[in-house]
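Structure first, commentary second.
Just so you know, all these numbers are worked out from the coordinates, no wet-lab data involved. Given the structure is predicted, the values throughout are model-derived calculations rather than measurements. Cβ coordinates were reconstructed from backbone atoms using ideal geometry, including for glycine residues, and neighbour counts include every protein chain displayed.
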Amino acid sequence: MRETDVVVVGAGQAGLSAAYHLRRVGLEPDRDFVVLDHAPRPGGAWQFRWPSLTYGKVHGMHALPGLELTGADASRPSSEVIGGYFARYEEAFGLRVHRPVDVTAVRDGGGGRLRVETSEGVYAAGALINATGTWDRPFWPRYPGQETFRGRQLHTADYPGPEAFAGQRVVVVGGGASGTQHLMEIAEVAAETTWVTRTEPVFREGPFDEAAGRAAVALVEERVRQGLPPRSVVSVTGLPLNDAIREARERGILDRLPMFDRITPTGVAWDAGSPDGAERTVEADVILWATGFRAAVDHLAPLRLREPGGGIRVDGTRAVRDERVHLVGYGPSASTIGANRAGRSAAVDVKRLLEREAAAVA
C-alpha cells in the first residue's frame with residue numbers, strides 16, 4: 001500500500017486545475033499527492049471527441065489556471081488542440097500524471113485514511129479529489145421495442161462524424177448542443193433526418209453574460225444542495241442562436257418532434273394521444289442518442305455518499321457525508337471555468353484538512 005496525502009482521480013480540466021492548486025498550496029506531485037487518469041493520453045474527455053468538432057465550434061473552452069491557450073487553429077479538431085494544450089500544461093507544472101490507471105473503488109481504510117484501489121495498486125490517502133467527469137457514463141434511455149430495432153443505435157460518445165451516415169435515414173434524439181451539432185452535420189449527407197426531443201428546445205438570443213451564467217450555475221447548485229443528481233450547466237442555459245442555428249431552422253433541419261412512444265424494427269412510432277396528438281411512424285436506419293451523460297462516481301459507492309434523491313450532496317466541493325472527499329467538475333462546477341474555481345477551492349480545503357489532522361496527531 002502506497003501512502004500519500006491526496007489522490008486526484010481524473011486529469012481533465014477539473015483534475016488538472018486541482019493538481020495545479022495543490023502545488024500552489026505547497027504539496028508536491030508524487031510526494032504529497034498523485035494524479036491518476038484512466039485515459040491513454042492527455043486531454044481528458046476532449047481526446048475522445050469526434051473529428052468534425054473543430055476547435056472553432058467549441059462552446060466556451062476556458063483556459064486552465066496559469067497557462068493560456070493561445071494561437072489555436074480554429075479549423076483543427078478540438079481533440080488535437082485541447083489534447084496538445086493539456087499535455088503542455090502537465091509538463092509545464094510537472095504534474096506527472098499516472099496513466100492509464102483505473103480507480104476501481106474508494107473505501108474507508110480506517111484510522112482516518114481512505115483506501116483507494118486502483119489498477120496500479122492501493123493508495124492510503126488522507127483526502128481524495130474526484131474529477132472523473134461524465135464521459136465514461138453515457139446515458140441511454142430505454143423505450144419499448146428498443147431491442148427489436150434492426151438498424152444501428154449509437155450514442156454521442158461513439159459518434160464517428162457525419163460521413164458514417166451518408167445516404168441513411170437518421171433519427172437524432174436529444175435537444176442539447178451535441179444533438180444539434182450532430183443533426184446539422186448529418187443533414188448534409190443523410191437521405192433523411194428527424195429530430196426528436198423530450199422537451200421543447202429553448203434557443204437563447206443575445207450574449208450569454210456573467211449574470212446569466214451565475215443564474216444557470218445557481219440552478220444546478222440547488223439540485224446538488226438537495227442531494228439530487230446534477231444537471232449540466234449547459235442544460236439550463238439554452239442553445240445559443242448563432243448563424244448556423246438560424247440557417248438550419250430556416251431549412252427545416254431543426255424542426256423538432258416530441259419524444260416517440262416506442263421503437264419498431266424499422267424505426268420509431270408515436271401512438272394516438274401522443275404529445276402532438278398524432279399517430280405516426282418514421283422509418284430509420286440509425287438512431288443516434290445525443291442524450292447526455294451521468295456523473296462517473298460508481299467507484300465512490302463503498303463510501304455511501306449518495307442521498308435518498310440519488311445524488312451526492314456537496315458543500316462547495318466537499319461531500320457532506322465525508323469531508324475527506326471533494327468533487328470537482330461535478331454539478332455546478334461542470335463547466336470549464338467552474339472546474340477551475342472548484343479545483344482551487346478543493347485544494348485549499350484539503351490543505352486545511354491535512355493541517356488539522358496533522359495538528360491533532362501532534
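Looking at the P(r) of the chain, how many percent of alpha-carbon pairs lie beyond 27 Å? Could you put the intermediate results ahead of the total?
Working: 33301 of 65341 pairs.
Taking all Cα-Cα pairs of the chain, the fraction more than 27 Å apart is 51 percent.
In the chain, the calculated helix contribution to ellipticity at 222 nm averages -8000 deg cm²/dmol per residue, counting -39,500 (n - 2.57) for every DSSP H run with n ≥ 4.
So if R0 is 51 Å, what FRET efficiency would residue 143 and residue 222 give, r being the distance between their Cβ atoms, rounded to the nearest 0.05?
On the way: r = 30 Å, r/R0 = 0.58.
With R0 = 51 Å, the Cβ-Cβ based efficiency is 0.95.
If the elastic network links every pair of Cα atoms under 10 Å, which of 34, 173, 189 fluctuates the most in the Gaussian network model of the chain? Among 34, 173, 189, the largest GNM mean-square fluctuation belongs to 189. Only Cα pairs under 8 Å and 6+ residues apart enter the sum, and on that basis the relative contact order of the chain stands at 23 percent. Here r is the Cβ-Cβ distance between residue 337 and residue 241 and R0 is 25 Å; the resulting FRET efficiency, rounded to 0.05, is 0.70.
Order these peptides, 295-303, 177-185, 135-143, 194-202, by their mean beta-carbon neighbour count within 10 angstrom, highest first.
Details: 295-303: 18.4, 177-185: 22.7, 135-143: 14.3, 194-202: 15.9.
Listed from highest to lowest mean packing, they are 177-185, 295-303, 194-202, 135-143.
Averaged over residues, the count of other Cβ atoms within 10 Å places the peptides 249-260, 12-23 in the sequence 12-23, 249-260, highest first.
Calculate the tail of P(r) for segment 220-319: the fraction of all Cα-Cα distances greater than 17 Å, expressed in %. Don't skip to the end; give the middle numbers.
Numbers: 3473 of 4950 pairs.
In whole percent, the share of Cα-Cα pairs in segment 220-319 beyond 17 Å is 70.
The distance from the alpha carbon centre of segment 128-193 to that of segment 246-319 is 10 Å, rounded to a whole number.
Looking at the chain, send over the antiparallel percent of its DSSP beta bridges, to the nearest 5. Write out the running numbers ahead of the final one.
Details: 25 of 59 bridges.
Percentage antiparallel, nearest 5: 40.
At q = 0.23 Å⁻¹ the log10 of I(q)/I(0) for segment 68-174 amounts to -1.30, computed by Debye summation with a single uniform scatterer per C-alpha, solvent ignored. Take the Cβ-Cβ distance between residue 96 and residue 304 as r, set R0 to 25 Å, and report the resulting FRET efficiency rounded to the nearest 0.05. The formula returns an efficiency of 0.20 here. For the pair residue 250 and residue 73, label points projected 7 Å from Cα toward Cβ lie 3.1 nm apart. Label positions at residue 205 and residue 352, each projected 7 Å from the Cα along the C-beta direction, are separated by 4.4 nm.
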